[in-house]
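Chemist: Dumping the structure here so I can ask a few things about it.
The values are calculated or read from the model by the stated rules, or taken from the named source; none is laboratory data. What you see is a predicted model; the values in this text were computed from it and never measured. Cβ placement follows ideal geometry from the backbone for every residue including glycine, while neighbour counts extend to all protein chains displayed. Quick note on the areas: whole protein, heavy atoms, side chains included, nothing else; ligands and nucleic acids left out. Shrake-Rupley method; radii C 1.70, N 1.55, O 1.52, S 1.80 Å.
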Amino acid sequence: MSLKTTVKIKAMTKTLLLIDGNSLAFRAFYAMYNQLDRMVAHTGLHTNALVAFNNFFDQVVEKMNPDYALVAWDAGKGATTFRAKIFDDYKGDRQTTPPELSEQFPYLRKMVDLHGIHSYELPGFEADDIIGTYSKLAEKAGLKTTIITGDRDLTQLVTDNVSVNVTKKGVTELDRYTPKFLAEKWGGITPSQVIEMKSLTGDTSDHYPGVTKVGLKTAIKLLNEFGSLDGIYQHIDSMKTSKLKENLLNDKESAYRAHELATIRTDAPVELEMKELINQPINFQELIPFYEELDFKVQLAKIHSMQKAGMVGQDQEEEKNVQVTELKAANLDHLSEIKNYLTVYFQTDSDNYHTAKISAFVVGNENDGYFASRDLELLNSSVVRKLFKGDLPKYVFNAKELIVLLNRLGLQINNLDFDFLLVSYLLDTTDNDNQLATLANRFNVFLESDAEVYGSGVKFKIPENNETLFSHMANKASTISKLHDPSMKKLSDHQQAELYRQIELPLSKVLASMEINGIKLDQAELKKLGQEFDQRIFELEKQIYEEAGQEFNINSPKQLADLLFAHMKIPPIKKTKTGYSTAANVLEELAEKYPFVGLILQYRQLAKLNSTYVKGLLEVVNPDDSKIHTRYLQTLTQTGRLSSVDPNMQNIPDRDEEGKRIRKAFVPSHEGWEIFGSDYSQIELRVLAHVTGDENLKKAFESGEDIHAATARSIFGLSTDQKITFDQRRRAKAVNFGIVYGISDFGLAQRLGTSRIEGKEIIQTYFHEFPKVKNWIDSIIALAHKQGYVETIAQRRRYLPDIHSKNFNLRSFAERTATNTPIQGSAADIIKIAMIKMQQALDDNHLKAKMLLQVHDELIFEAPKQEIDILEELVPKVMDSAVKLNVPLRVEAHHGVNWYDEK
DNA sequence: TGAATCACG
DNA sequence: ACGTACGTGATTCAA
């Protein structure tokens, strides 16, 4: 078919789209019911039905592009329909509309309106009747009509010119009923017989009865024989005596009433003329603020990209690019004009700001414009130094990074006030990729991502062209400036301003100095260890190949599994997604019967130490100062802990003697100094005692007794003079861990190597002994269900979007995190506060000691030997008084000539 | 790029 | 009945 004829046909037969608003709204609401809690706008409005309805417009209506369109609604409360007058229990048992849906109706209507489509309702009539009436009017006018509904009753309106699309799944997958499709689907029934059928079967959703015991199949059989309700009753006398005949006779009145109720009116006194139903273009002008109100990020991003592609008009205002001037020696004095606040952004060529090349910088604000340059020398000018040191509040994205970069340039900055990265993290940790463009998106501010402008992976390149680079950087700076007000407002709404001002923001400075200081690595010591490991690995390799009778890659779990479970025919113990597991706990079990497997375990241990901790650390040590400068990620974890990368200094081996030797290579950076370490004892269980208020648990901590022993005493019913066996303590320790992690009988049994039944008994006994722990767990899960998030003692927040999932696994996981996060996260709050106070104490006491590392519940320092005595008193004091809990905090301190000897 | 493994609290 | 304890990062293999 040529394009010309297609156009002609379209031009000749105009189309009308009739939408059953209420029916689709209900469909949309229940189709997205499991998303109900996830889809809430900042205003608190539920948006699940709105989202689905919007998808419906995008995917269905846009494709149809009808000439005329109308959404019909049931008239609101107070309007009695003619059906209710016939039958006062009409729709009687139907659940009242849930409030979460009711609140969406005004917005649904507005959405329809902004899509250029008329809404219509008529007191005394339902949406069905409006649709029926217009479908007849359209037929007379020679239009092709499409009806969209979730209600099959409307199929009675089907003709050659009227098709009825009934929702199949959600609101975008539809069954298209034509006379032919209807006949195929329902045993040869015609559209008008749909009414006859409903008369016999009744309608459960509208709550009117038909004939007792008559369902779809019987109804079709009767209609095929007698044609209609009238036909059935005209011939009823000739029917054989049967239960069916009896029911038909008994329920004749209800069948005829059902007939009347099921019949859709086609003569409702509708007022709109067809020409008023012309499908209007989408009103983007108003749709954007509307979507913003609903927090429709995806849709806003879509409009934004359409605007960029020139497909949709936009205001001149938005078109305007951010003002950016290249900064030069000649115009430096412009900077002294900047008032109110100063946004600062530095562009680097890689994530590791300790080593990255600093490509360019931009400073400025929304009123006074932005100034960018690649010339870092300009930063040494007195104008810039004064500006950075001055009182203007500074707005940045990642304060810690900026401090480190400036430090590299010998510069300092004062009055860091707004760090959008930190603020976004505190507001919501979910899906935080730490990218400005993504985080800005949460506030409906759109910015090209670095990947779009600079490329990613091997294609990444900082543009050589000044205009490209400076304009992107100015856009970033402008985004930071614009996000100050809305994000700080939200922070106060969440009661998190103190968490930000008193903890995270000051902490970023402390962390910056820790990173800058770094920890000294004795490279010779580590290399020596590496040589020993190399030698032993080589010998183990030889022995393994010999005993295996072949060479293979021992590092490949797949090849190892092949050897063990196929070639050597050892019975496997555990499976992974892809094959048989060769994990350490499996191999340990096998090693008891097959000594050969023990060699693999030894090989694995040494290979790990060698590659990750010997080679790995030697690769990242800074050759200039022989120090390791890790980066703490302050805005990554879901609980509020820090993490550490490049390298990870929070997982240096400690549990096995062999691995611990790595720690000998971490030494003080000055002669006559020592490594000093201090750790909280059982901080998480103490937090548990605090948040639950459990008397028994509190008592255990107040007595100063070993907590696992105390727990053993409680759950195994031992008196104070009875001795606790090693195994009882071990089991109690596993229970304590289990409680903190969100226990299950199976999980506990697995770890204790006992039966599930016994696991269950132990948990029950624990809860009996520590009843408030049980109460707290129950109530925190209930709270998570109610509000969708949990909080730590410092109002750190973690959202749990899966807490209402229908998927058991996802929901259970969310419930376990609901109990674990307040504990792990509050412990993180405590050590963060301690770190800020610790830095302050070191400064106040004019100590040379430096805080170097944080490992979740411990702090590592280096200090002159003469200061060790002071630290032994000061550090525990600062740490255990950081936060006042209703149980004491205990801190242990150690020191030595290296990190190994500090224990 | 994901899975498996193993290092830490 | 569901599957099975919380939070991380680095290395290696194999597609």
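Chemist: Averaging the inverse of every distinct alpha carbon separation and then flipping it gives the Kirkwood radius. What is it for the range A:650-802, in angstrom units?
Modeler: After inverting the pairwise mean of 1/r, the radius is 18.1 Å.
Chemist: Okay, moving on. Relative contact order (percent) for chain A, with alpha-carbon contacts under 8 angstrom and 6 or more residues of separation?
Modeler: Normalised by residue count, the contact order of chain A is 9 percent.
Chemist: How would you order A:499-506, A:267-274 from highest to lowest mean count of nearby Cβ atoms within 10 Å?
Modeler: A:499-506, A:267-274
Chemist: Could you work out Rg/(2.2 N^0.38 Å) for the range A:83-224, with Rg from alpha carbons only?
Modeler: For the range A:83-224, the normalised Cα radius of gyration comes out at 1.15.
Chemist: What are the ³J(HN,Hα) values, in whole Hz, obtained from phi via the Karplus relation 6.51 cos²θ - 1.76 cosθ + 1.60 with θ = phi - 60°, for each residue of the range A:253-265 in sequence order, with x given for Gly and Pro?
Modeler: Result, rounded to whole Hz: 4, 5, 5, 5, 5, 4, 4, 5, 5, 7, 6, 7, 6.
Chemist: Lys/Arg Cβ at +1, Asp/Glu Cβ at -1, dipole of chain A taken about the Cα centre: which of A:Asn432, A:Leu416, A:Leu342 is farthest positive-ward?
Modeler: Result: A:Asn432.
Chemist: Report in % the part of the accessible area of the range A:520-628 that belongs to carbon and sulfur, leaving out ligands and nucleic acids; probe 1.4 Å.
Modeler: Of the solvent-accessible surface of the range A:520-628, carbon and sulfur hold 50 percent.
Chemist: Can you say what percent of the DSSP beta bridges in chain A, counting only those with both residues inside, are antiparallel? Round to 5.
Modeler: Just about 65 percent of them are antiparallel.
Chemist: Okay, next question. Based solely on C-alpha atoms, express the radius of gyration and the Dmax of the range A:409-473 in angstrom.
Modeler: According to the Cα coordinates of the range A:409-473, Rg and Dmax are 14.6, 38 Å.
Chemist: Right, next: Cα atoms only, the range A:12-277: Rg and Dmax in Å?
Modeler: When restricted to Cα atoms, the range A:12-277 yields Rg and Dmax of 19.4, 67 Å.
Chemist: How do A:Glu658, A:Glu184 rank by accessible surface area computed with a 1.4 Å probe, from largest to smallest?
Modeler: A:Glu184, A:Glu658
Chemist: Report, ordered by chain and residue number, the lysines lying within cross-link reach of A:Lys884, taken as a straight Cα distance under 16 Å and ignoring same-chain residues fewer than 8 apart.
Modeler: Answer for A:Lys884, where 16 Å is the Cα cut-off: A:Lys698, A:Lys832, A:Lys837, listed by chain and number.
Chemist: Could you rank the peptides A:832-840, A:457-465, A:193-201 by their average count of other C-beta atoms within 10 Å per residue, with the highest value first?
Modeler: Ranked from most to least packed, the peptides come out as A:193-201, A:832-840, A:457-465.
Chemist: Turning to a different aspect of this structure: With everything on Cα atoms, drop me the angle between helix A:865-880 and the longest principal axis of chain A, reported from 0 to 90° to the nearest 10.
Modeler: Taking Cα atoms only, the helix is inclined about 30 degrees.
Chemist: Where does chain A land at 222 nm, in deg cm²/dmol rounded to the nearest 500, when only DSSP H runs of n ≥ 4 count, each adding -39500 (n - 2.57), divided by all residues?
Modeler: It comes out at -14000 deg cm²/dmol, rounded to the nearest 500.
Chemist: Quick check: net charge around A:His484, other residues with Cβ under 10 Å of its Cβ, Lys/Arg +1 and Asp/Glu -1?
Modeler: Net charge in that neighbourhood comes out at -1.
Chemist: Within the set A:Lys786/A:Lys806; A:Lys615/A:Lys865; A:Lys389/A:Lys877, which residue pairs have Cα atoms separated by over 23 Å?
Modeler: Result: A:Lys615/A:Lys865; A:Lys389/A:Lys877 exceed 23 Å.
Chemist: Rounded to the nearest percent, how much of the accessible area of the range A:688-820 (1.4 Å probe, protein heavy atoms only) is carbon and sulfur?
Modeler: Reported share for carbon and sulfur atoms: 53 percent.
Chemist: Ratio of alpha-carbon Rg to the 2.2 N^0.38 Å globular estimate for the range A:321-518, to two decimals, please.
Modeler: With N residues counted in the range A:321-518, Rg over 2.2 N^0.38 Å equals 0.98.
Chemist: Placing +1 at every Lys and Arg Cβ and -1 at every Asp and Glu Cβ, with all other atoms neutral, what dipole size does chain A have around its Cα centre, in debye to the nearest 20?
Modeler: Value, rounded to 20: 1760 debye.
Chemist: Excluding residues on the same chain fewer than 8 positions from A:Lys169, give the aspartates and glutamates whose Cα lies under 14 Å from its Cα.
Modeler: A:Asp151
Chemist: Could you size up the charge dipole of the range A:321-518 around its Cα centre, putting +1 on the beta carbon of Lys and Arg and -1 on that of Asp and Glu, and report it in debye to the nearest 20?
Modeler: Here the range A:321-518 has a charge dipole of around 380 debye.
Chemist: Applying a 10 Å radius around every beta-carbon, put A:665-677, A:774-786 in order of their mean neighbour count, most first.
Modeler: A:665-677, A:774-786
Chemist: Could you tell me the accessible area of A:Phe26 in Å² (1.4 Å probe, neighbours in place), rounded to the nearest ten?
Modeler: Estimated to the nearest 10 Å², A:Phe26 gives 60 Å².
Chemist: Using θ = phi - 60° and the Karplus form 6.51 cos²θ - 1.76 cosθ + 1.60, what ³J(HN,Hα) does each residue of the range A:298-312 get, whole Hz, x for Gly and Pro?
Modeler: Result, rounded to whole Hz: 4, 5, 5, 4, 5, 4, 4, 6, 5, 5, 5, 7, x, 7, 10.
Chemist: Can you work out the FRET efficiency for the pair A:Glu225 and A:Leu249, with r the C-beta to C-beta distance and R0 = 22 Å, to the nearest 0.05?
Modeler: The pair A:Glu225/A:Leu249 has a calculated efficiency of 0.85.
Chemist: So what are the ³J(HN,Hα) numbers for the range A:440-453, from phi and the Karplus equation (6.51, -1.76, 1.60; θ = phi - 60°), rounded to whole Hz, Gly and Pro as x?
Modeler: My calculation for the range A:440-453 gives 5, 4, 4, 9, 6, 10, 9, 8, 5, 6, 4, 4, 5, 8 Hz in order.
Chemist: Please report, largest first and rounded to whole Å, the three semi-axes of the ellipsoid equivalent to chain A, where each semi-axis is the square root of five times an eigenvalue of the C-alpha gyration tensor.
Modeler: Listed largest to smallest, the semi-axes of chain A are 64, 40, 28 Å.
Chemist: With the crude spin-label approximation of a point 7 Å out along Cα→Cβ, what separation in nm comes out for A:Thr765 versus A:Asp901?
Modeler: Those two pseudo-labels are separated by 4.5 nm.
Chemist: Checking the table A:Lys608/A:Lys664; A:Lys558/A:Lys660; A:Lys110/A:Lys297; A:Lys400/A:Lys459; A:Lys664/A:Lys850; A:Lys85/A:Lys110 against a 21 Å threshold on Cα-Cα, which pairs fail?
Modeler: A:Lys558/A:Lys660; A:Lys400/A:Lys459; A:Lys85/A:Lys110
Chemist: For the pairs A:Lys168/A:Lys490; A:Lys527/A:Lys593; A:Lys394/A:Lys489; A:Lys575/A:Lys774; A:Lys168/A:Lys575; A:Lys308/A:Lys482, note any where the Cα-Cα span goes beyond 29 Å.
Modeler: Among A:Lys168/A:Lys490; A:Lys527/A:Lys593; A:Lys394/A:Lys489; A:Lys575/A:Lys774; A:Lys168/A:Lys575; A:Lys308/A:Lys482, the Cα-Cα distance tops 29 Å for A:Lys168/A:Lys490; A:Lys527/A:Lys593; A:Lys575/A:Lys774; A:Lys168/A:Lys575.
Chemist: Straight-line reach from A:Lys723: which lysines have Cα under 17 Å away, leaving out those fewer than 8 places along the same chain?
Modeler: The reachable lysines, counting only those whose Cα sits under 17 Å from A:Lys723, are A:Lys733.
Chemist: OK, next. Amide H to amide H, which residues 5 or more places from A:Ser373 or on other chains are under 5 Å from it, using H placed in the peptide plane?
Modeler: Here A:Leu327, A:Phe361 satisfy the definition.
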